[in-house]
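Remarks on the structure that follows.
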Amino acid sequence: MKTLKIVNPADGSLLAEVPADDVASVAAKAARARKAQPAWNATPLAERIAVLTRFRDGVAAGIETLAKTLTQEVGKPLAQSRNELNGFLGRIDFFLADVTNATAPETVFGDASITERIDHDPLGVVANISAWNYPYFVGGNVFVPALLTGNAVLYKPSEFATLTGQHIDRLLHAAGVPADVFITLVGTGEVGAALLDQKVDGVFFTGSAATGAKIAAQMAPRMVRLQLELGGKDPTYVADDADPRAAAESLADGAMYNTGQSCCSVERIYVHEKIHDVFVEHFVATVAGFKSGDPLVDGTYIGPLTRAPQLAVLDQQVADAVAKGAKLRTGGKRVEQPGNWFEPTVLTGVDHTMAVMRDESFGPIIGIQKVAGDDEALALMNDTRYGLTAGMYTPDQARAAKLLGRVNAGSIYWNCCDRVSPRLPWSGHGDSGVGVTLSSYGIQAFTRPRAWHLRQA
Ligand code: NAD
């Protein structure tokens, strides 16, 4: 039997070895889900809401255990694991409260001769292929609304968050989701690819742009709903009228939280030349105050990288930037100890010839570039293949609206960053992906409209 080894990124130790799926088991699971979905869809919505409410209660009751597992397998500092779980409860609450309205039949026209109505039918069986960096958030953005709207879900957690995936599986089934309506597939990308070969009605993927492009190519000949939530190179501009100290503290957190491994981590900072130096001074001081170390110890803010190969990406970005004239203000190298450790790193004097300002870093590293004004900042912010989030710090709302209204990104931040709300749609432009999760749009994404033309005989 195939197995998957789960390694602790904080020290390289083996946490577990779990049975993994193969092509035959993936096909069998897909067939079971297909058979089970109609009965789940026939279950009244109120009952599905009751089941997912029990799941929410199960998550709430288990936060300490779930947070510990998450920290052990992805290296997320414990307080941040707890934050993710508490945020996940808020997201479930939103879906539970909104699903009835978001999927209610809508009569859009009626006169003496004809009535026109829209129903929201489930897609059927959906594939939920997930990333490891926020497994509760990015997985739950899919399986919670998908289940509420009457779909069966084939869930492939990241191979780096498998134990968390198994907790989710256990809690959903304990809450009353039938065994064949939510099925977990264990394994690497090969198992994900085998899942895509099955008859599915929707593919909901969160991960890198490179994998997203492969999945889009694999799915291209088939007429299947496809959503891809991919990476980013999210910019923020600090204008000359902003408070440089407050902006520096906020952005240091936005760049380094979750050890820089958030899809909406701040990845590029542009600072007006008038306040650049004082901003940098406070930014570096703030980063120096972040406590790195054992992610299970309370008070730790920076943990290890989850994936070892990312260390080489960060090495390369630092070397490339320094070779092209950037100045290393702090950090810049691996920490030589077992596990995947990299120092929190700040580079200034950067420009767009450097990989650190073009390619997703996905680690505790940031480039800060000096700009002469709003026009230059806007041009640089839009000089990217991505478009997930973008922000600006200034007390002047009209100035922010003028610039941010022209930024190419799905989410816009004024005087804030690295923020996701269940009430707002989450979507990317360009290579940050296609489709929407969260908000009412992110519930309807798991349905297709049935258009009724109704004439009395
Ligand atoms: P990844 O692309 O390496 O893997 C994502 C998932 O895809 C995993 O479950 C993996 O096993 C699976 N997979 C790999 N190859 C596959 C294939 N050929 N067919 C089917 N499945 C396959 O990404 P990752 O390292 O897990 O996640 C990090 C990336 O995710 C970053 O780029 C980050 O920006 C992005 N992300 C985006 C969002 C968003 O909302 N836009 C949220 C979180 C993470």
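Below, the figures for the structure above:
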read-out: Considering residues of the range 287-305 that are closer than 14 Å to residue 334 by Cα and touching a residue at least 24 places away in the same chain (Cβ under 8 Å) only, the residue most open to solvent (accessible area, probe 1.4 Å); value: 292
read-out: Residue in the range 412-429 that is surrounded by the most Cβ atoms within 10 Å (Cβ to Cβ), counting only those that are within 23 Å of residue 395 (Cβ to Cβ) and within 13 Å of the chain's Cα centre (by Cα); value: 418
read-out: Restricting the range 197-250 to residues that are open to solvent by 30 Å² or more (accessible area, probe 1.4 Å) and in a strand (DSSP E or B), the residue that is farthest from the ligand (Cβ to nearest atom); value: 225
read-out: Residue ranges of helices (runs of 4 or more DSSP H) in the range 1-79 with at least 1 members buried (at least 21 other Cβ atoms within 10 Å of the Cβ) and of a type in the set (Gly, Ala, Ser); value: 23-42, 63-74
read-out: Residue 308 being exposed (fewer than 15 other Cβ atoms within 10 Å of the Cβ) and within 16 Å of the ligand (Cβ to nearest atom); value: yes
read-out: Checklist (1) in contact with a Gly (Cβ under 9 Å, 6 or more places away or on another chain); (2) more than 30 Å from residue 128 (Cβ to Cβ); (3) within 16 Å of the ligand (Cβ to nearest atom) applied to residue 369, failing item; value: (3)
read-out: Residues satisfying the stated conditions in the range 371-393, i.e. surrounded by 22 or more Cβ atoms within 10 Å (Cβ to Cβ) and polar (S, T, N, Q); value: 384, 389
read-out: Complete set of residues in the range 343-384 that are free of Cβ contacts under 8 Å to residues at least 60 places away in the same chain and outside any helix (DSSP H, G or I); value: 343, 345, 347, 349, 350, 351, 352, 353, 354, 382, 383
read-out: Hits in the range 141-163 - residues which are of a type outside the set (A, V, I, L, M, F, W, C) and away from the ligand (no atom under 12 Å from the Cβ); value: 145, 149, 150, 151
read-out: Check on residue 186, more than 8 Å from the ligand (Cβ to nearest atom), within 22 Å of the chain's Cα centre (by Cα), more than 21 Å from residue 70 (Cβ to Cβ) and not in a helix (DSSP H, G or I); value: no
read-out: The range 166-195 residues that are open to solvent by 10 Å² or more (accessible area, probe 1.4 Å), paired with ones that are part of a strand (DSSP E or B) and among the aromatic types (Phe, Trp, Tyr) (beta carbon under 6 Å, 6 or more apart); value: 184/155
read-out: Any hit, the range 170-191, residues being over 17 Å from residue 431 (Cα atoms), modelled with pLDDT of 95 or more and among the aromatic types (Phe, Trp, Tyr); value: yes
read-out: Qualifying positions in the range 80-122 - out of contact with any Phe, Trp or Tyr (no Cβ under 8 Å at 6 or more places or on another chain), more than 24 Å from residue 149 (Cβ to Cβ) and open to solvent by less than 30 Å² (accessible area, probe 1.4 Å); value: 81
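The values are calculated or read from the model by the stated rules, or taken from the named source; none is laboratory data. Quick caveat, the model's predicted, so the values are computed rather than measured. Ideal geometry is used to build each Cβ from the backbone, glycine not excepted, and the neighbour counts take in all protein chains shown. The accessibility values were calculated without ligands, DNA or RNA, using every heavy atom of the protein model including side chains. Shrake-Rupley method; radii C 1.70, N 1.55, O 1.52, S 1.80 Å.
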